[in-house]
Structure formats: structure tokens, C-alpha cells
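Asks: Provided herewith is a single structure, encoded as C-alpha cells, for subsequent inquiry.
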Amino acid sequence: MLIAQISDFHLKPEGVLAYGVADTTKPLKRAVDHINRLNPVPDLVMITGDLVDEGAPESYLLLRQLLSPLKPPFVIVPGNHDHKESLRKTFPEHNYLSCSIEEKDEAYICFALDDFPVHLIGLDTVTPGEHGGGFGPKRRAWLQRTLSARSGLPAIIFMHHPPFASAIRYMDKEEFRGWREFHALISEHPQVERVLCGHLHRPIFRHFGGTIATTCPAIGMQLCLDLREEAPSTFMMEPPSLMLHLWTDLWGEKTLLTHISVIEEYPGQYSGPHPFFGVVSPK
Ligand SMILES: [Fe+2]
């Protein structure tokens, strides 16, 4: 099974630049074209939140329009920039967006997809009005039940907020509420192959509760790689990328592999493929 993960489009209405700089329409179009050109085409596209930058209805209309050419089916978890009800209205055929866990008067979109060789679990970490993420006791009980029900199947948990600090200091100021409980729960379920997140607009990897937790590069803009204590909140227009997660059998062992694929501005932007062998270099 091949899964493409894309994240953090921060889509603005067409013609509006995000933060006065970023044209967010073009990179999403390029990402969709890029995925459709992959060979093999992924079985599924996983989107880990912040599909739009604000809740403008034009952004959601544009979002549906830009995602519609995608060849593989896609699944969504919301980010802190998303409006959950608008996501449901924009994608009414995505029934799983109506699955919810009620916690402190808020409905969290939590679901498990059982039709794949890997148990795919979408977890909503977004409380409306809050920038940082969290995980409360009802979601914890649901995740415990969900993982226990299919303990023999490798699992991927995907969510917007990473349950760990990144050393990008201004992003770490808001601790993921309940990360210790989340860590403890993951530690009890060795079948969890990955915890896949967005939010940090950079690829980051760490050991977490016996598994690997990662954040995905963004489509809209990348956070500056600035690990100083006083790093300001800034972004760069570095090339966007996606993550490709491959569940496969290699050397007689089932495993989940993750590759990163850089999204070109246009097909053929990066020269290649060039053979390593059989070519004589000119002197
Ligand atoms: Fe984001």
C-alpha cells in the first residue's frame, strides 16, 4: 500500500497572497499534478490539516476544485486553521468527517479506516480558537478501544498537531495538552508503525513511545529552520514536498518505509533521470 501525505496548504481565495507573500493556489495545483504523475500512483492521499488559511467560503470552494483532479481517494484530518463544519459541507461524500467524539462541548473528528492492509486512524487534535493541539480523556478512551480492537494489524495514526516539541521555539510555546497520556497509550500498542502529523511545515522525525513520529513538509510555505532560542516566527518559500509511506514486503519482512518527494514547479524542472553507469564523462 502506498500513501502520499500532504499537509498545510493554507489556501487563500484565488489572487490573495497568504501573509502578503505566498501564492497558495499554484503549489496545491502542482502537488495534485505531482501525485497524479507518480508511478505507481498512490492508493490513498492523506491530508494532515490546515487545508485553508482562514474560513473564507471562497477558499473552501477553491479547495474542492483544486483537489478534484486527484486520481487517488483522499482523507482529511482538520488543522487549527480549518473550520470543521465547512470541511464537512465542502466534502459531504466524506462520511468519516461526521464521526466524532464529544469532549467538553466540542465534537472531535476521530475515525478509523478498516478497508486497508494498515489500520488508518484519524485523530482530531484541534480545539476551535486554539493554535496548539491537545488530546483529552474521551479521545484517549476511544483510541485505546480502536487500537485494541485490531491489535494484530499495523497501525498509522494521523493527526495535525505533533505530540512533541520541535526545537523551533516559538512553535513549542504551546505544549500539546495530554502528550504524556498520548505517549503512554502509544507505548502500550507496539503495532503503531507511525504517528504522522502536520503543523510544523518542515519534515521532522523522532522516536516516540516505541514508534516513529514525524511531521510533514507543507505545501503552502515552509517554516524557517531556525533553532535559536530567540527564533522569530517566519517562513521561507522553499520547494514544497510530500511524504510517501510505503507498506511493503522487503527481504521477507513487512515494513513501513517513508520517502520524501520534492514537488517541482513544472514537470522537468529538475534535470534527470541520469544513468550512473555506461556514460563516459568528458575530460
Ligand atoms: Fe499550518
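The values are calculated or read from the model by the stated rules, or taken from the named source; none is laboratory data. These numbers come from a predicted model, not from an experiment. Glycine gets a Cβ as well: all are built from the backbone with ideal geometry, and neighbour counts include every protein chain shown. What goes into the accessible areas is simple: the full protein's heavy atoms, side chains included, and nothing from ligands, DNA or RNA. Shrake-Rupley method; radii C 1.70, N 1.55, O 1.52, S 1.80 Å.
Asks: What length, rounded to one decimal in nm, is gained on full extension from Tyr266 through to Ser233, with 0.36 nm per residue of separation minus their alpha-carbon distance?
Replies: 8.9 nm
Asks: Let me ask something else about it. How high is the relative contact order of the chain, given as a whole-number percent (alpha carbon pairs under 8 Å, six or more residues apart)?
Replies: 19 percent
Asks: Okay, next question. At what distance in nm do the modelled label points of Glu14 and Phe116 sit from each other, each positioned 7 Å from its Cα along Cα→Cβ?
Replies: That separation, rounded to one decimal, is 3.1 nm.
Asks: Would you work out which of Ile6, Leu62, Ile156 lies farthest towards the positive end of the dipole of segment 2-262, given +1 charges on the beta-carbon of Lys and Arg and -1 on that of Asp and Glu, about the Cα centre?
Replies: Sorting the options by dipole projection puts first Ile156.
Asks: As a quick test, which of the pairs Lys29/Lys89; Lys29/Lys254; Lys89/Lys138 have an alpha carbon distance above 30 angstrom in this structure?
Replies: Lys29/Lys254
Asks: Then there is this: Identify the GluC sites (Glu not before Pro) of segment 2-74 meeting these criteria: DSSP loop state and at most 15 other C-beta atoms within 10 Å of the C-beta.
Replies: Taking segment 2-74 and a limit of 15 other Cβ atoms within 10 Å, the loop GluC sites (Glu not before Pro) found are Glu14, Glu54.
Asks: In debye, nearest 20: dipole of segment 2-262 around its Cα centre with unit charges on the Cβ of K, R (+) and D, E (-)?
Replies: 340 debye
Asks: Please report, in Å, the Rg and the Dmax of segment 27-107, where both are computed over Cα atoms only.
Replies: Over segment 27-107's Cα set, Rg and Dmax evaluate to 13.5, 45 Å.
Asks: Mind giving me the FRET efficiency for Arg145 and Asp105? R0 is 22 Å, r the Cβ-Cβ distance, nearest 0.05 is fine.
Replies: The pair Arg145/Asp105 has a calculated efficiency of 0.50.
Asks: Treating only the Cα positions of the chain as identical point scatterers, give the base-10 log of I(q)/I(0) from the Debye formula at each q in 0.09, 0.17 Å⁻¹.
Replies: -0.42, -1.52
Asks: If you don't mind, another one. Could you rank the peptides 157-167, 133-143, 102-112 by their average count of other C-beta atoms within 10 Å per residue, with the highest value first?
Replies: Peptide ranking by packing, descending: 157-167, 133-143, 102-112.
Asks: Here's another thing I want to ask about it. Determine the distance separating the Cα centre of segment 1-74 from the Cα centre of segment 79-155; give it in Å without decimals.
Replies: About 20 Å separates the Cα centre of segment 1-74 from the one of segment 79-155.
Asks: Next up: Gain in length, Lys26 to Asn39, computed as 0.36 nm per residue apart minus the alpha-carbon separation, to one decimal in nm?
Replies: 2.5 nm
Asks: Using a probe of 1.4 angstrom, how much of the accessible area of segment 150-283 is carbon and sulfur, in percent?
Replies: It is 58 percent, rounded to a whole number.
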